[in-house]
Amino acid sequence: MEFSVLMSVYYKENPEYLKRALDSILNQTITADEIVLIKDGPLTKELDDAIANYEEKYIAILRVLSLENNVGLGEALNYGVRHCKYDLIARMDTDDIALPTRFELQMKEFIENKELALCGGQIAEFENDPQIISGYRKVPLTQAAILKFAKKRNPFNHVTVMFRKQAILESGNYQDMPYFEDYWLWVRMLQKGYIVKNIANILVNVCAGEKMLSRRHGKVYLNFIYKFCANMYKIKFCSLTNIAFIFCIRGILSVTPRKILEQTYKYFCRRSSL
């Protein structure tokens with residue numbers, strides 16, 4: 001089975017991290033048939049040079065598509081999904097590291113179950129050194145457990161997912177929902193009854209820490225929480241009680257002092273082991 005890898009990069013990202021992420025994709029036990037890298041608006045010279053070097057070296061596999069302006073992750077991925085050649089698409093971020101057997105493990109699931117629309121897995125997080133793991137984000141494995149979990153929290157680790165392009169398009173594709181682009185897509189897929197799962201394996205080592213926390217803090221984030229919750233309620237995916245829980249918990253965390261927020265995520269949202 002052929003598959004694509006979809007990534008999006010914008011000007012604030014680190015070229016060394018991008019190289020590390022690309023290398024982890026290229027050094028898999030099963031090689032992707034194409035890597036689609038979306039330039040979300042103009043980049044720095046350092047990022048452009050790094051990408052150009054990989055384009056020259058991997059001309060047969062790396063496709064770089066450029067957006068004139070920075071449109072945000074949701075719209076960039078929407079564009080990318082539509083331009084991937086193959087029905088199976090694996091997501092990857094430009095500062096994370098895919099474990100060598102990631103694609104092999106996921107392809108096995110799709111080969112064994114032709115009805116499977118999306119397959120994710122577990123992540124290990126690091127702050128500076130990829131060799132020093134600071135925690136794990138464990139997500140549920142089965143369809144029933146995922147559906148239940150999704151009523152309160154994101155049931156997939158976005159950077160680990162592999163999905164069928166047709167299922168994503170039929171669910172409305174990625175949309176402009178800042179901070180919740182992936183969660184909002186999974187909700188709509190679950191609402192349509194698509195078959196999904198997570199596997200127990202760690203698939204990606206994720207660069208977390210200060211960058212992750214800064215995205216989930218402040219009044220701007222609080223406004224986007226409200227928009228997301230309102231949309232969940234509008235399509236009747238969650239009860240009013242579930243919506244109130246999500247909004248209250250995330251809302252409180254968004255205005256919590258940074259040091260306390262860091263400890264909260266460490267002790268309540270992440271695990272020391274799987």
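The values are calculated or read from the model by the stated rules, or taken from the named source; none is laboratory data. Here the structure is a predicted model, which is why all the values come from computation and not from measurement. We place every Cβ from the backbone using ideal geometry, glycine too, and count neighbours over all the protein chains shown. Protein only, heavy atoms only, side chains kept; ligands, DNA and RNA dropped before computing areas. Shrake-Rupley method; radii C 1.70, N 1.55, O 1.52, S 1.80 Å.
Results, tabulated for the structure shown:
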read-out	value
Surface/4 of the Cα convex hull for the range 1-155, nm²	10.1 nm²
Surface accessible to a 1.4 Å probe, per residue, for the residues of the chain, Å²	48 Å²
Distribution of pairwise C-alpha distances over the chain, 10 Å bins, in %	6, 29, 39, 22, 4, 0
Note, ³J(HN,Hα) from phi for the range 136-152, Karplus 6.51, -1.76, 1.60, rounded to Hz, x at Gly and Pro	9, 10, 9, 10, x, 9, 8, 4, 5, 5, 5, 4, 5, 4, 5, 5, 10
Percent accessible area from carbon and sulfur atoms, the range 129-194, protein chains only, probe 1.4 Å	53 percent
Cut-off under 5 Å, modelled amide H: who pairs with LEU99 long-range	VAL204, ASN205
Debye, to nearest 20: dipole size of the chain, +1 on Lys, Arg Cβ, -1 on Asp, Glu Cβ	1560 debye
Percent accessible area from carbon and sulfur atoms, the range 1-122, protein chains only, probe 1.4 Å	48 percent
Table column - 3J(HN,Hα) (Hz), the range 166-175, Karplus curve with 6.51, -1.76, 1.60, x for Gly and Pro	4, 5, 5, 5, 5, 8, x, 6, 4, 10
Qualifying lysines (Cα of each under 18 Å from Cα of LYS19; at least 8 residues distant if same chain)	LYS39, LYS45, LYS57
Convex hull projection area averaged over all views, the range 71-171, Cα basis, nm²	7.8 nm²
Gap separating the Cα centres of the range 96-149 and the range 5-39, nearest whole Å	17 Å
Ordering of 24-35, 151-162 by packing [mean C-beta count within 10 Å, highest first]	151-162, 24-35
Loop-located GluC sites (Glu not before Pro) in the range 46-96, at most 15 other Cβ atoms within 10 Å (DSSP)	GLU68
Rounded to the nearest 20 debye, dipole of the range 143-198 from Cβ charges on Lys, Arg, Asp, Glu	320 debye
Amide H contacts of SER4 (H built 1.01 Å from N, under 5 Å, at least 5 apart or other chain)	TYR86, LEU88, ILE89, ALA90
Per-residue ³J(HN,Hα) for the range 105-115, Karplus 6.51 cos²θ - 1.76 cosθ + 1.60, θ = phi - 60°, Hz, x for Gly and Pro	5, 6, 4, 4, 5, 6, 5, 6, 10, 5, 8
Reachable lysines from LYS197, criterion Cα separation under 21 angstrom, eight or more residues apart if same chain	LYS108, LYS114, LYS138, LYS148, LYS151, LYS152, LYS165
